[in-house]
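Shown below is the structure under consideration.
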Amino acid sequence: MPYIYGPVLSRRLGLSLGVDPVPLKTCNLNCIYCQLGPTPSRKGMSPALPPVSIILDELSEALASAPEVDYVTVSGSGEPTLHEGLGSLIRAIRALTKIPIAVITNGTLLSSGDVREALCQADVVLPSLDAAENRAFKRIARPYGWLVVEGVIAGLVAFRRQFRRQLWLEVMLICGLNDTPEQLDQLKAALDTIKPDRIHLNTVVRPPAIEWVLPVAPDRMAEIATYLGPCCEVIADHPSKVPRVKGLAMADMIVRAVKRRPMTLHDLAASLGAMPAQVAACVARLLVGGAIQSKLYQGRLYYLSHSAGERDV
């Protein structure tokens, strides 16, 4: 299923069934911390977007076989608001299931009334804002085209006024770039104006697009969360944390994940929000115990369930 992934463990949304409505790295940003790597040049690029009907067919099939999930999450490997049928997609998901709908977005297109109207149909919208000063914003997000941070903030403010459900805003902190007192003062002023229901403070804990990008230390993250206010919490998965959801250990989550589709070690680490070394140790135990199997395909090692052993990767 190219447009559906998971269920996966999400740091903010629990067990989430993902909907990916745009091709890989179809985005108007080229963030230096992106775990999917650099965004290809958009010059002359006009990717074919999947019809809503095809996405819904896959989602219907996935819901029929998925365990109980907390959210259907529109997100994935690009910026979902670039799909012109996003509003129709969310409405159709609403008709298909009673599971709450979340949308993860970079928030840059909320200056558009059509985008705001589409996202107003979700239960939770999770945009990002990593800086409130334009030089820092451009250095971190490396936007394509006309984007300036003042317009992004104005779009978020307009959406907050229009959207009556949950708005959870993520801030990705990068050591030496947007964690200085001056940058944080400007960011706090913007957040106080936007008034999100929650502020999720994150930092770089997975391999970024640019190698020199460094995380902010846990103690400093806690200080910044306190400064940004009572609705702010640290969500970064530092190496000391081992994810659990609904009483399931990492081994259970790996077995469930590879039943959905073959996954590499990198895939598993990313979807579980865990360090690769932790996942590798758990995978090794599962292989020895016969709970999962491995398969080499075009030079990459995939892990899959025994029931999927004969299908193509």
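The values are calculated or read from the model by the stated rules, or taken from the named source; none is laboratory data. All of these numbers come straight from a predicted model, not from anything done at the bench. Every residue, glycine as well, gets a Cβ built from its backbone with ideal geometry; the counts of neighbours run over all protein chains shown. Ligands, DNA and RNA are stripped out before the accessible areas are found, and what is left, the full protein with its side chains, is counted by its heavy atoms. Shrake-Rupley method; radii C 1.70, N 1.55, O 1.52, S 1.80 Å.
Would you point out the residue of the range 233-254, among those that are within 18 Å of the chain's Cα centre (by Cα) and at pLDDT 85 or above, that is most open to solvent (accessible area, probe 1.4 Å)?
In this case the residue turns out to be Glu233.
Pairs under 7 Å by beta carbon, first residue closer than 16 Å to Leu13 by Cα in the range 183-203, partner of a type in the set (Phe, Trp, Tyr), six or more apart or different chains?
Within 7 Å, the pairs are Asp197/Trp168; Arg198/Trp168; His200/Trp168.
Then there is this: For the range 1-25, which positions are assigned to a loop (DSSP other than H, G, I, E, B), closer than 19 Å to Val124 by Cα and either free of Cβ contacts under 8 Å to residues at least 40 places away in the same chain or open to solvent by 10 Å² or more (accessible area, probe 1.4 Å) (or both)?
Arg11, Arg12, Asp20
Which number in (1) under 18 Å from the mean Cα position of the chain (by Cα); (2) assigned to a helix (DSSP H, G or I) marks the one condition that Ser60 misses?
Against the list (1) under 18 Å from the mean Cα position of the chain (by Cα); (2) assigned to a helix (DSSP H, G or I), Ser60 comes up short only on (1).
Name the single residue that is surrounded by the fewest Cβ atoms within 10 Å (Cβ to Cβ) among those in the range 128-146 being over 22 Å from the mean Cα position of the chain (by Cα) and assigned to a helix (DSSP H, G or I).
Going through the qualifying residues, I end up with Arg135.
While we're here: For the range 203-236, name all the residues that are among the basic types (Lys, Arg) and part of a loop (DSSP other than H, G, I, E, B).
Listed by number, the list holds a single entry, Arg206.
While we're here: Could you check the range 162-187 and list, in sequence order, the residues that are open to solvent by less than 50 Å² (accessible area, probe 1.4 Å), more than 21 Å from Tyr33 (Cα to Cα) and not in a loop (DSSP other than H, G, I, E, B)?
Across the range 162-187, the qualifying residue is only Leu167.
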